[in-house]
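K.L.:
The structure that follows is given in the form of structure tokens.
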Amino acid sequence: MDEDMMREDADEKLVNDAFQHLLDSYLTSRHRKKVDIITKAFNFARQAHKGVRRLSGEPYIMHPIAVAQIACEEVGLGSTSICAALLHDVVEDTDYTTEDLANIFGPKIAQIVDGLTKISGGIFGEQASAQAENFKKLLLTMSEDIRVILIKICDRLHNMRTLESQPANKQYKIAGETLYIYAPLANRLGLNKIKSELENLSFQYEHPEQYNSIKQKLQDTELQRHELFDQFTAPIEESLKQMGIKYEIKERVKSPYSIWTKMQNKHVTFEEIYDILAVRIIFTPAKREEEINECFNIYVAISKIYKSHPDRLRDWLSHPKANGYQALHVTLMSKQGRWIEVQIRSDRMDEIAEQGFAAHWKYKEGEDNEEYTEDENELNEWLRTIKEILDDPQPDAMDFLDAIKLNLFASEIFVFTPKGEIRTMPAGCTALDFAFSIHTFLGSHCIGAKVNHKLVPLSHKLESGDQVEILTSKSQHVQPAWINFVSTAKAKAKIQAVLRRDSREIQKKGENLLAQFLKKNNIENTPAVIDQLAMFHEVNRREDFFQGLGEKTILLGEKDLDELNGKNSNGKKGWRKLVPFLGRSKKQGTDDKVQQELFVVPEKFNRKKPIYISEETIGKYKFKHCCHPIPGDDILGYIDNKHQIEIHKRACPVADKLKSGFGNRILDAKWDMHKQLFFDATIRLQGIDRVGILMDVSRIISSQLNVNIHKLTINSEDGVFDGSIELRVHDRENVREIMNALKEVKGLQEVTQIM
């Protein structure tokens, strides 16, 4: 038997086994058993993708099977979704059309596949903001059938699980998109398990060293955690048994990604994070309608054993989170002197917490019915908000993504209308947000509000339990400043729509001024010329450039002509601003390394290969001040509109947007530095003041570590001081050494690095 035949047989077995596993999973679910249509979809997809392989080398059909497997087993979807998952790449990759699918599998499956096809192009597409544009299409389709987005999340999860076969620049793009869009979406739809896996996989590819370090530390501390868990839960188990409750106690360990996020945000080390361990009590209620009471009974029983933290009781029982999550969280003081969070939830609540909205079906009447009964009000409310944002004729693609994210991440508070109706709002929202959430007219004409019968301004932040009455006036109009004190996507979208209408006239004036200027100087009025001038005035969008011209905040003159004629392209002034390092090596006292010409990316540039930044090449790239990368940081490159390369930290918020909006312009970048150039780094110090502490700090930095202090600021008040030191360092390793040495100084409580 020749090699090809053997490979085909092996492939055949691989595919058949994977499909059999899918069928087995489906048959154990509580859906109606429509095996025939699933088999038909599988055979159709297998035939359509025949002979095609993925980058990893396996037959292409393995991808649709894997997506269907996730949809069935991990999201709990039924036959319609499984068929759509099996067929999701057929229309895009083969000659079959949506009409063909509708004739063979019926309109519902065809509609879902069509929704998935509309958006798949942009996920790995090549146009600038294709991802954001396609995300809009996704949300439009999703408002008709939520299963589209659920299957898309399954598809993304499988792509992330098999990301290894992609080149590094694609890995950063896909991981960035995942963190920016898909993980928040999964969270919003209550798919907690999938959200965590997406975050961890993204983290693993963007910051491999930190990921492995945290994973190693979690393994090293596993025995201690088990011991703490056993000691802590023993008396709780005793108490629950006496109450006759059918329960299960689980150990929940924080994921590497959420540990890393906390370390970044709170500037703490792994060892300083207290809530790595949490305890979950999952019980089966004697009567379904008594489950909320039972949660509180368990809480009362365990707070007799341990002292509970007064400010850390979280009750999501009577008012679940917007993604369906219900539980009671309480933080207790263990006998080892550690605060431990305990999450109390019924088996139903637990399933909804892990599987999201799909799990709601299991607890509804007519459990074998696979169609969505969309009575999830919160979800519908959210979809309605998204539809309103989509209705605005021209939101900028990246602004749009930000607006959606506002709604994805928001945690909720509850506020009351004057008539006592309850409304869910995102935490941190203002009276103006509340006005827009009720009606656009109310928001546009809002002059203030009464919160708990007291007069407050529009910018007043609301808190849970507030009763809010909106005051309006017909003479009131939307003000540009309003955009600064609203936090909900809906209010922002509405304000921007009104302001956009007002600014169109100013922009028109700006366009005319530009046209006159170009005509007078015999320069052709093309989009490329406009973009070049906009970039020269440090404006990213044409609309903002026209606006500036119309408002006379941007004036055109000789310097603009020089820019267009190429006389400014590598002049000192514009470029010098972008340099975050001193450009002085130990051997040289000059600046010539910095004054290199910026590298311009040629048309046939291999974007899959990494770019290396060394002492010789560092001046060829732009270092933006949004994240101030220095050697040792995980970095990436981004090809800007001038075809020059910007360098960003991979965790930089600006880079997050670039990965999602302009993924095809992302490059892998690596350092190749040899401790010759100096870079700026700032370290923050906080602690208890004492005589001589400043001398100790400067002695350690200057004499022991031989590092140059550039600037030192210290404020001392009531015996506590807060200060910052600007240093000249070679790389991130230098910064770590300095911080570790400073942590030994008596009286210093916190040593953190400012980005």
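The values are calculated or read from the model by the stated rules, or taken from the named source; none is laboratory data. Bear in mind the structure is a predicted one, so any value in this text is a computation, not a measurement. So basically every Cβ, Gly included, is an ideal-geometry build from the backbone, and we count neighbours across all protein chains shown. These area figures cover heavy atoms from the full protein model, side chains too; ligands, DNA and RNA do not enter into them. Shrake-Rupley method; radii C 1.70, N 1.55, O 1.52, S 1.80 Å.
K.L.:
Looking only at the range 87-114, which residues are under 20 Å from residue 159 (Cβ atoms), in a helix (DSSP H, G or I) and among the aliphatic types (A, V, I, L, M)?
P.N.:
Hits for the range 87-114 are 90, 91, 112, 113.
K.L.:
Another one. So which helices (runs of 4 or more DSSP H) stay within the range 478-565 end to end and still have 2 or more residues that are open to solvent by less than 70 Å² (accessible area, probe 1.4 Å) and over 27 Å from residue 644 (Cβ atoms)?
P.N.:
Per the criteria, 489-520.
K.L.:
Among the residues of the range 439-458, how many are surrounded by 15 or more Cβ atoms within 10 Å (Cβ to Cβ) and within 22 Å of residue 499 (Cβ to Cβ)?
P.N.:
Residues that pass the stated criteria total 9.
K.L.:
I'm checking my understanding of the structure. Among residues of the range 146-194 that are in a loop (DSSP other than H, G, I, E, B) and open to solvent by 10 Å² or more (accessible area, probe 1.4 Å), which one is farthest from residue 58 (Cα to Cα)?
P.N.:
Among residues in the range 146-194 that are in a loop (DSSP other than H, G, I, E, B) and open to solvent by 10 Å² or more (accessible area, probe 1.4 Å), the one farthest from residue 58 (Cα to Cα) is 167.
K.L.:
Pick out the one residue from 41, 84, 68 that is closer than 24 Å to residue 166 by Cβ, in a helix (DSSP H, G or I), among the aliphatic types (A, V, I, L, M) and at pLDDT 90 or above.
P.N.:
On inspection, the qualifying residue turns out to be 68.
K.L.:
Let me ask another. Being closer than 30 Å to residue 426 by Cα and either free of Cβ contacts under 8 Å to residues at least 12 places away in the same chain or β-branched (Val, Ile, Thr) (or both), is that true of even one residue in the range 523-536?
P.N.:
The answer is no; no qualifying residue exists.
K.L.:
Still on this structure: Restricting the range 322-342 to residues that are surrounded by fewer than 18 Cβ atoms within 10 Å (Cβ to Cβ) and outside any strand (DSSP E or B), which is farthest from the chain's Cα centre (by Cα)?
P.N.:
335
K.L.:
Scan the range 16-29 and tell me whether some residue there is in a loop (DSSP other than H, G, I, E, B) and at pLDDT 85 or above.
P.N.:
no
K.L.:
Which of the residues that make up the range 696-745 are in a strand (DSSP E or B) and either of a type in the set (Lys, Arg) or in contact with a Cys (Cβ under 7 Å, 6 or more places away or on another chain) (or both)?
P.N.:
Passing the criteria: 711, 728.
K.L.:
A follow-up question, please. How many residues are in contact with a Phe, Trp or Tyr (Cβ under 8 Å, 6 or more places away or on another chain), modelled with pLDDT of 90 or more and over 14 Å from residue 342 (Cβ atoms) if we restrict to the range 247-274?
P.N.:
4
K.L.:
Is there a residue being in contact (Cβ under 8 Å) with a residue 40 or more places away in the chain, in a loop (DSSP other than H, G, I, E, B), of a type in the set (A, V, I, L, M) and in contact with a Phe, Trp or Tyr (Cβ under 9 Å, 6 or more places away or on another chain) anywhere in the range 49-58?
P.N.:
Yes: one or more hits.
K.L.:
So which of 221, 261 ends up being surrounded by 13 or more Cβ atoms within 10 Å (Cβ to Cβ) and closer than 26 Å to residue 682 by Cα?
P.N.:
Matching residue, one of 221, 261: 261.
K.L.:
Take residue 659 and tell me if it is open to solvent by less than 40 Å² (accessible area, probe 1.4 Å), in contact (Cβ under 8 Å) with a residue 12 or more places away in the chain and either touching an Asp or Glu at 6+ places or on another chain (Cβ under 8 Å) or closer than 30 Å to residue 166 by Cβ (or both).
P.N.:
Judged against the criteria, residue 659 is a match.
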